[in-house]
Amino acid sequence: MSTVKKFVCDFCLNGCNLGVSFDGYQYRIEYLTDEPPNYGRLCPRGNSANIVIDHPKRLCYPLLDGKEITWQQALKTIQEWLDSSRSEEIAVVYSRGLTEAELGGVTDFARHLGTENLVSGYLEPDNFLGYQLAGVRRAKLEEVLAARAILLIGDVFSASPVAARFLLDARYAEKSSRLIVIDSIRTKQAGFAHLFLQVKPGTEYWALAGIAGLLDPKLKLDIERFARECGVERSRMEEAAGILKSVGAGLVGAAFSFGRTGNPLLCSLFAQLVALKADKPFVGFAEALVPDGKLSFQDFWKKVSQGKIKLLFWFGGLFPYSYPEIFPDINRVQFRVATSIFKAGQMLPGLVLPVPSEFEKPGRGETLWRRVDREPVAKPVSGAKLINEIIEGITGTSLRSGTESVRQREQFQVSQVLELLANQPETKPVSGYLLVGQRRAIGIGEFYGSEDDIIVNPKDALELKVEDGARLNVKTSNGQAEFWVRVSGEVPAGVLAIGVDCHKNRVLFSVEFDRHSGIATIPPTKVEVWRKQD
């Protein structure tokens with residue numbers, strides 16, 4: 001009989017417990033019904049987490065320009081590249097999927113190389129949920145269950161499906177319980193809301209600023225302007241503020257989607273400001289929170305575009321798949337070394353090194369509700385090496401794996417948040433169609449579904465002369481794709497929605513930089529659309 005090993009799921013920060021067993025042929029997921037916080041419930045990703053261990057696309061050997069080589073050849077190549085590069089020409093980038101020890105190893109590796117170009121390459125908007133506003137309380141699990149006035153920004157139910165059960169239990173606990181949802185798409189979550197504020201895509205923070213101003217008139221905010229910016233009537237924001245004021249126990253929660261959030265930093269900070277003024281705790285339902293590097297991604301990108309980076313190391317489990325839209329610029333760097341769990345669907349220039357998945361390595365970390373220690377439940381796939389083993393192979397020395405060199409995030413004050421808002425330009429009307437991203441809680445890449453459909457408002461369907469099942473071509477400044485049409489009132493007229501767990505969809509969006517804060521964002525994008533002729 002196979003032994004069941006306990007593991008804390010790493011697909012998001014909800015920290016669900018699951019069991020993994022091995023029958024000598026394949027790994028299976030087991031349900032630990034007595035284990036909080038999920039008590040046996042798992043989302044689609046957690047239910048099929050074993051697919052990451054057994055998947056046929058697992059990378060088992062180093063690749064150089066798409067060709068298999070040995071580890072000895074890979075390390076020799078890296079050393080040759082290091083010998084021909086000055087320290088200021090080297091950049092070390094890290095993304096999600098690293099343990100604390102691995103992150104420490106990566107930062108010490110940058111120090112060992114003498115480079116200040118240490119960069120966080122995790123660009124997901126939910127990463128900004130890790131920035132904190134002074135005075136805001138972080139929600140505890142028991143506070144979620146006890147909440148009677150809940151404000152959710154974005155689609156929390158898709159970002160953290162298991163946590164959705166806690167929220168629904170709280171929503172239906174008493175007749176006086178109230179749920180408010182702010183989003184640009186009428187998701188299934190919005191169907192449970194007593195009050196749904198449907199904002200223009202990318203303008204959530206304007207609605208939040210309006211509610212904060214209504215909760216505290218001393219902030220002296222221009223509520224009328226904010227109502228125009230987000231497309232929500234002042235009376236609706238007043239209703240939301242009234243609910244948050246009148247009901248005691250409550251919660252403000254947020255989840256941000258790639259291709260849907262206009263300014264994730266402001267969204268995060270104003271969601272927290274609402275929580276502060278309503279005297280409610282806050283929780284950010286993120287997949288991962290990755291600390292800042294010494295160099296901002298914007299400054300790193302400038303150096304890449306100026307040809308100042310000659311050798312690039314990119315450490316993380318899923319790169320080079322997460323941001324295909326940056327391939328053209330990254331490919332201008334002469335020497336590239338990346339780590340990955342999976343094989344790419346296309347040949348990638350440079351070195352790609354195989355690393356274990358989260359299920360195959362020990363690690364410590366934080367979830368939304370507690371600190372956890374993870375023990376491996378499977379042996380690393382043949383040929384994969386831990387990131388710190390790779391670094392030791394490159395340097396020939398054992399680094400101390402400290403994290404002092406990672407820049408700690410500053411804690412914002414209310415005055416700073418208001419200043420950031422004051423620098424925001426007016427929202428310009430968009431002519432034509434706007435494409436937004438949608439997280440559908442189905443997983444990584446195309447392992448769980450192809451996401452080849454596009455949601456079209458009924459009014460737009462008439463204009464485009466399409467119906468369910470028709471084919472629609474879409475084109476952005478980054479690329480072009482074809483989708484099956486699904487007609488639905490989930491999206492407002494002029495807005496189209498696609499899934500963004502699929503990388504061929506993600507490439508349609510662009511990385512942009514806020515002109516005042518310099519933060520990297522992946523907002524909604526303008527798109528051309530036309531029906532494919534039969």
Just give me the residues in the stretch 386-423 being in contact with a strand residue (DSSP E or B) (Cβ under 9 Å, 6 or more places away or on another chain), under 30 Å from Leu59 (Cβ atoms) and at pLDDT below 95, in sequence order. Ile387, Ser405, Val406
Working carefully through the options Ile309, Ile341, Ile326, Ile330, find the one that is more than 27 Å from Ala255 (Cβ to Cβ) and modelled with pLDDT under 95. Ile330
Taking first residues from the stretch 75-89 that are farther than 16 Å from Gly396 by Cβ and second residues anywhere that are exposed (fewer than 12 other Cβ atoms within 10 Å of the Cβ) and small (Gly, Ala, Ser), the pairs with Cβ under 7 Å that are 6 or more apart or on different chains are Ser87/Gly114
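Could you grab me the full set of residues in the stretch 352-378 that are acidic (Asp, Glu) and either buried (at least 23 other Cβ atoms within 10 Å of the Cβ) or not assigned by TED's automatic domain parsing to the domain that holds Gln72 (or both)? Before you say what the answer is, go through the steps one by one.
Residues of the stretch 352-378 that are acidic (Asp, Glu), as a first pass: 358, 360, 366, 373, 375.
The one that is acidic (Asp, Glu) and either buried (at least 23 other Cβ atoms within 10 Å of the Cβ) or not assigned by TED's automatic domain parsing to the domain that holds Gln72 (or both): Glu358.
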For the stretch 263-280, what are the residues that are in contact with a Gly (Cβ under 8 Å, 6 or more places away or on another chain) and not in a helix (DSSP H, G or I)? Asn263, Lys280
Hits in the stretch 359-372 - residues which are in a loop (DSSP other than H, G, I, E, B) and among the aromatic types (Phe, Trp, Tyr): Trp369
State whether the residues of the stretch 479-491 include one that is closer than 28 Å to Gly293 by Cα, outside the structural domain of Leu269 (by TED's automatic domain parsing), modelled with pLDDT under 95 and surrounded by fewer than 17 Cβ atoms within 10 Å (Cβ to Cβ). no
Which pairs have Cβ atoms under 9 Å, sit 6 or more apart or on different chains, and link a residue in the stretch 157-171 that is acidic (Asp, Glu) to one that is part of a helix (DSSP H, G or I) and buried (at least 20 other Cβ atoms within 10 Å of the Cβ)? Asp169/Val144
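If you check Asp169 against the conditions, is it crowded, with 18+ Cβ neighbours inside 10 Å, modelled with pLDDT of 90 or more and among the acidic types (Asp, Glu)? Working first, answer last.
On the way: crowded, with 18+ Cβ neighbours inside 10 Å: no; modelled with pLDDT of 90 or more: yes; among the acidic types (Asp, Glu): yes.
Judged against the criteria, Asp169 is not a match.
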What number of residues within the stretch 222-262 satisfy the criterion of being among the hydrophobic types (A, V, I, L, M, F, W, C) and assigned to a helix (DSSP H, G or I)? 9
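Is there a residue in the stretch 193-204 that is on the phi > 0 side of the Ramachandran plot and either modelled with pLDDT of 95 or more or not polar (S, T, N, Q) (or both)?
Yes, because at least one residue in the stretch 193-204 is on the phi > 0 side of the Ramachandran plot and either modelled with pLDDT of 95 or more or not polar (S, T, N, Q) (or both).
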Verdict on Pro356 being farther than 28 Å from Gly437 by Cα, without any contact (Cβ under 8 Å) to a residue 60 or more places away in the chain and outside any helix (DSSP H, G or I): yes
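If you take the residues in the stretch 267-308 that are among the hydroxyl-bearing types (Ser, Thr, Tyr) and within 29 Å of Ser160 (Cα to Cα), which one is farthest from the chain's Cα centre (by Cα)? Write out each step before concluding.
Quick first cut of the stretch 267-308, residues among the hydroxyl-bearing types (Ser, Thr, Tyr) only: 268, 296, 305.
With within 29 Å of Ser160 (Cα to Cα) added as a condition, the list becomes 268, 296.
Values: Ser268: 13, Ser296: 17 Å.
Step by step, filter the stretch 267-308, then rank; the result is Ser296.
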Pairs where the first residue, in the stretch 462-484, is touching a residue at least 12 places away in the same chain (Cβ under 8 Å) and the second is surrounded by 14 or more Cβ atoms within 10 Å (Cβ to Cβ) and among the polar types (S, T, N, Q), C-beta under 6 Å, 6+ apart: Thr476/Thr525; Asn478/Ser510; Glu482/Asn473
When the stretch 64-100 is examined, which residues are found to be buried (at least 18 other Cβ atoms within 10 Å of the Cβ) and under 22 Å from Glu287 (Cβ atoms)? Val93, Tyr94, Ser95, Arg96, Gly97, Leu98, Thr99
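Any residue that is in a loop (DSSP other than H, G, I, E, B), of a type in the set (Asp, Glu) and within 27 Å of Gly130 (Cα to Cα) - is there at least one of those in the stretch 20-42? Quick ask: steps written out before the conclusion?
Initially, the stretch 20-42 is screened for residues in a loop (DSSP other than H, G, I, E, B), giving 23-26, 31-42.
Filter again for of a type in the set (Asp, Glu), leaving 23, 34-35.
From what is left, the residues that are within 27 Å of Gly130 (Cα to Cα) are 35.
Among the residues of the stretch 20-42, at least one is in a loop (DSSP other than H, G, I, E, B), of a type in the set (Asp, Glu) and within 27 Å of Gly130 (Cα to Cα), which makes the answer yes.
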Please go through the stretch 211-233 and give me each residue that is under 15 Å from Glu419 (Cα atoms) and among the small types (Gly, Ala, Ser), ordered by number. Ala212, Gly213
How many residues does the stretch 27-62 hold that are closer than 14 Å to Pro354 by Cα, out of contact with any Leu (no Cβ under 7 Å at 6 or more places or on another chain) and either of a type outside the set (Ser, Thr, Tyr) or free of Cβ contacts under 8 Å to residues at least 12 places away in the same chain (or both)? 8
With the first residue restricted to the stretch 217-229 and required to be on the phi > 0 side of the Ramachandran plot, and the second required to be part of a helix (DSSP H, G or I) and crowded, with 19+ Cβ neighbours inside 10 Å, Cβ contacts under 8 Å at 6 or more apart or on different chains are Lys220/Gly213
Does the stretch 83-104 include one or more residues that are more than 29 Å from Phe128 (Cα to Cα) and either part of a helix (DSSP H, G or I) or among the aromatic types (Phe, Trp, Tyr) (or both)? yes
When residues of the stretch 298-349 are limited to those that are under 19 Å from Ala288 (Cα atoms) and without any contact (Cβ under 8 Å) to a residue 60 or more places away in the chain, the one surrounded by the most Cβ atoms within 10 Å (Cβ to Cβ): Thr339
Can you confirm whether Ser322 is touching a Ser or Thr at 6+ places or on another chain (Cβ under 9 Å), assigned by TED's automatic domain parsing to the domain that holds Glu102 and among the hydroxyl-bearing types (Ser, Thr, Tyr)? yes
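The values are calculated or read from the model by the stated rules, or taken from the named source; none is laboratory data. All values derive from a computational prediction rather than experimental measurement. Counting neighbours? That spans all protein chains shown, and the Cβs are built from the backbone with ideal geometry, glycine included.
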